[in-house]
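The values are calculated or read from the model by the stated rules, or taken from the named source; none is laboratory data. It should be emphasised that the depicted structure is a prediction, and the values quoted were computed from it without experimental measurement. For neighbour counting, all protein chains shown are included, and Cβ atoms are generated from backbone atoms with ideal geometry for every residue, glycine included. For accessibility, only protein heavy atoms count, side chains too; no ligands or nucleic acids. Shrake-Rupley method; radii C 1.70, N 1.55, O 1.52, S 1.80 Å.
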Amino acid sequence: MKRRKIGVLIGTVTQNFSSRVCQAISARADEYGFDVYYFTTFNSYGDNILYGEGEQQIFSLPDYSDFTGVIVALDTLNIPDGADNLLNRLRNLSCPVISLRVRLDGFYNVLVDENTSMERMIRHFIEVHNFRDICFMTGRMELEDARLRFSCYKRVMGEYGIDVADNMYFFGDYWKNKGKEAVEHFLSARGGSYPEAIVCANDYMAMAVCMALEEKGINVPEDVCVSGFDDLLEAQQCEPPLTTIAVAFENMASRAVDLIEEIDRGEHPEKEQYVLIQEKYRGSCGCKRHRVKNQWHIMMKELEDRRDINYQTIFMNADLEGITDEKELLSVVHKYNFRNNAKKMWICLCDESEELTEEERNLGSTRTEYTKTMILRAVKSQSNALHLMEKKFDRRELIPEEERSEIEAGSFYFVPLHYKSHNLGYVAVTQEGFGHYNDFMQPWTMNFAVALENYYLHERLNAMKEIRRLYKEDTLTGISNRRGVEEEARKVYGYADYLKKRLAVISIDMDNLKQINDMYGHSAGDDALRRIAAALVTVSGRYDDIAFARTGGDEFCVVFRIAKTNEGVEFVGQLREELKKINEHSGQPYSAEVSCGVYEVKDTTKVSLLRALEMSDERMYEDKRQRKAFRKA
């Protein structure tokens, strides 16, 4: 009998929450006779937009109709635009979708009761420690749990008549990046005094706050008490051990599998399920009620493993440099694969002979989607032997059926293989028991992908000049494509940061491209896009330190340094005037017109390039709505 399948969409599998969830899902699924297919990402980093786009392509890999149910951990998928794209895909499924930790309308949800999640911790500091000066560091405010935890903090403080001033809360990121900034914010208006306590919406931020306080010579808990949320292993082993709120992640994961089983049996469980939480009062608030056993030997081994991973990453990168033979490349990649401890691993590459779409050709010959036919290029067996092959198979199989049938049951992990947004394929892994891949998987796949991309470029192109042109130029309009502008825009952004100057970021979207294509043909639509590019070239020539490009089908962007406020708005006015001239002299019955969104960055240290692009996009869509409304009127 064919086993049922559960699909799991989750990021950062090697981190504490995700790893515990995966192990619990696999264990419970095995009890019910499910196989589990994990589609995982390592998430984006910094402003590398194209890398994030490449990562999220893994969610387009499976045929979701094969699954009895899907589990998604949305808050682990920190990828630009990834959440909206993914949710749109999941809403069309006929099988149940279970969301962990994040409430999603229309889906089943396994949650913590966020309305009261922080309540007992805040009351503990007020009633047990007699504190009133209690600061709060939130999570990512686009997530509901962050907003509710913050609301809980303000509500409880209000119940005790404690006013919450602006300098008492800070908007964090659910990660370790903003600990120093948060501490500076909390201390800035105090004239040398400290808050009595800093309550954080998760453990990662709390640990970062503790480190930032320590660097300033401020002791925890003697000078400032700190608490977190989640009860991660790292939080238990830090010094002092972190006071936190323990969430039964394993129960959460098991309950998600239970829901899929119950629904498959025809039952009708409640849409929202809740797991219990428990406060753990430890050293960081001075209570030490809940002691932890310090497992120093485990921590030392983790440090040694991380040091070894760093060395192996460097050596692997050096060994792969300059390789132009595919078999040699795969052999070197395999040489460093011993750390992944896989029961079996399959390297599945896109079929490069499959035609690119017209859009992909126009944007620099970059494949952004998986091919319908994949090629099984190499298999690593449990004995660590490498078997090279070139076996084509239908992508919907994920792993060729004859390969998959050798393993009776199990959990399978799928990792994207890409260079920036260029989709190269994926790596499939199955482990012994309920294990998953380790920390070396990310540098291993990144090094592999870079080497594979270099190999493909070497095979396709003969001259470096042609490589640069095809790689960064939009073939339809002759201006930069998305890859080209990323490099150019970073230089403009960095130079403005160095000079402490302002920037204008403009998102541009052509109006009515579909109507032009429908009425006059696609050649007319191409002509209209070329008009916009020509107008951009003319107007941009009047400015220094500027980058512009066609970034999508009918989308363009501009990034440039400005000397005065509203200079970005002036640019848009000049662009439209130039377009008007081009349209009038074209002799054609259609016109190229644009909607534009301008966002001016006053301080580049506070606003990233990615954030500036997001803001300009929002304003562009508002401009488009207003222009449509005006035309209808």
Checklist entry - For the chain, which whole-number percentage of the solvent-accessible area (1.4 Å probe, protein heavy atoms only) is attributable to carbon and sulfur atoms? => result 47 percent
Checklist entry - For the range 222-269, with the dipole built from +1 on Lys and Arg beta-carbon atoms and -1 on Asp and Glu ones, taken about the Cα centre, which of Val247, Ile260, Gly228 lies farthest toward the positive end? => result Ile260
Checklist entry - How much of Cys238 can a 1.4 Å solvent probe reach, expressed as accessible area in Å² and rounded to 10? => result 30 Å²
Checklist entry - By how many nm would the segment from Phe630 to Ala165 grow when fully extended, if each residue of separation counts as 0.36 nm and the alpha-carbon distance is taken off? => result 163.1 nm
Checklist entry - Taking a probe of 1.4 Å, how large is the accessible area per residue of the chain, in Å²? => result 46 Å²
Next on the checklist: How much length would be gained if the chain were fully extended between Tyr274 and Lys372, taking 0.36 nm per residue of separation minus their Cα-Cα distance, in nm to one decimal?
Outcome noted: 31.3 nm
Item to check | Rounded to the nearest 20 debye, dipole of the chain from Cβ charges on Lys, Arg, Asp, Glu | outcome: 780 debye
Item to check | Unit charges at the beta carbon, dipole of the range 367-442: most positive-side option, Gln431, Met374, Leu386 | outcome: Met374
Checklist entry - What are the trypsin sites (Lys or Arg not before Pro) within the range 518-587 that DSSP puts in a loop, where the Cβ has at most 15 other Cβ atoms within 10 Å? => result Arg542, Lys564
Checklist outcome for this item: At R0 = 30 Å the Cβ-Cβ FRET efficiency linking Arg307 and Gln382, nearest 0.05, sits at 0.65
Next on the checklist: Can you pull out the GluC sites (Glu not before Pro) in the range 124-224 whose DSSP state is coil and whose Cβ has at most 10 other Cβ atoms within 10 Å?
Outcome noted: Glu142, Glu222
Item to check | Förster radius 22 Å - calculated FRET efficiency between Met300 and Lys335, Cβ distance, rounded to 0.05 | outcome: 0.25
Item to check | Unit charges on C-beta of K, R, D, E only; dipole of the range 74-152, Debye | outcome: 80 debye
Checklist entry - Quick one: of the DSSP bridges fully inside the chain, what percent are antiparallel, nearest 5? => result 60 percent
Checklist entry - If each of Ser405 and Ser608 carries a label point 7 Å out from its Cα toward its Cβ, how far apart are those two points in nm? => result 4.7 nm
Next on the checklist: Using DSSP to call loops (not H, G, I, E or B), can you name the chymotrypsin sites (Phe, Trp or Tyr not before Pro) in the range 67-165 whose Cβ has at most 15 other Cβ atoms within 10 angstrom?
Outcome noted: Tyr160
Item to check | Extreme residue, positive dipole direction of the range 77-148, given options Ile122, Val110, Ala146 (C-beta unit charges) | outcome: Val110
Checklist entry - What do you reckon, how do Tyr311, Tyr426 stack up by accessible area (1.4 Å probe), largest on top? => result Tyr311, Tyr426
Checklist entry - What distance in nm separates the simple spin-label points at Arg396 and Asn317, each placed 7 Å from Cα in the Cβ direction? => result 4.1 nm
Item to check | Listed residues Phe42, Phe171 arranged by accessible area, highest first, probe 1.4 Å | outcome: Phe171, Phe42
Checklist entry - How far, in nm, would the chain grow between Glu215 and Gln515 when pulled straight, counting 0.36 nm per residue and subtracting the alpha carbon separation? => result 102.0 nm
Checklist entry - Hey, with R₀ at 25 Å, roughly what FRET efficiency would Asn251 and Arg89 work out to, going by the Cβ-Cβ distance, to 0.05? => result 0.35
